[in-house]
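Working notes for the structure below.
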Amino acid sequence: MLNALLIIFVIAKILGFITWSWWIVLSPLLIQVSIVLLSLVFYGVANFRIKNLLKKLKKEL
């Protein structure tokens, strides 16, 4: 859905239907990139914590 919105915004900007700044026009793309980056950070933190937890459990056994 964000891809379709991005295409509509870019076409409308190029054709002059809207006079928004490019930051607003490209906001659907920025939202997608932000979601991916936050997901990667969450995955990295979760992976790090799980590995540490497994190491502690192995030491206890």
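Below is a table of values for the structure above.
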item: Whichever residue in region 21-61 is in a loop (DSSP other than H, G, I, E, B) and open to solvent by less than 100 Å² (accessible area, probe 1.4 Å) and, among such residues, is nearest to Leu2 (Cα to Cα); result: Leu26
item: Selection count where residues are assigned to a helix (DSSP H, G or I) and either of a type outside the set (Gly, Ala, Ser) or touching a residue at least 60 places away in the same chain (Cβ under 8 Å) (or both), scope region 1-20; result: 12
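The values are calculated or read from the model by the stated rules, or taken from the named source; none is laboratory data. The structure displayed is predicted, hence computed values, not measured ones. Positions of Cβ are backbone-derived with ideal geometry, glycine not excepted, and every protein chain shown enters the neighbour counts. Quick note on the areas: whole protein, heavy atoms, side chains included, nothing else; ligands and nucleic acids left out. Shrake-Rupley method; radii C 1.70, N 1.55, O 1.52, S 1.80 Å.
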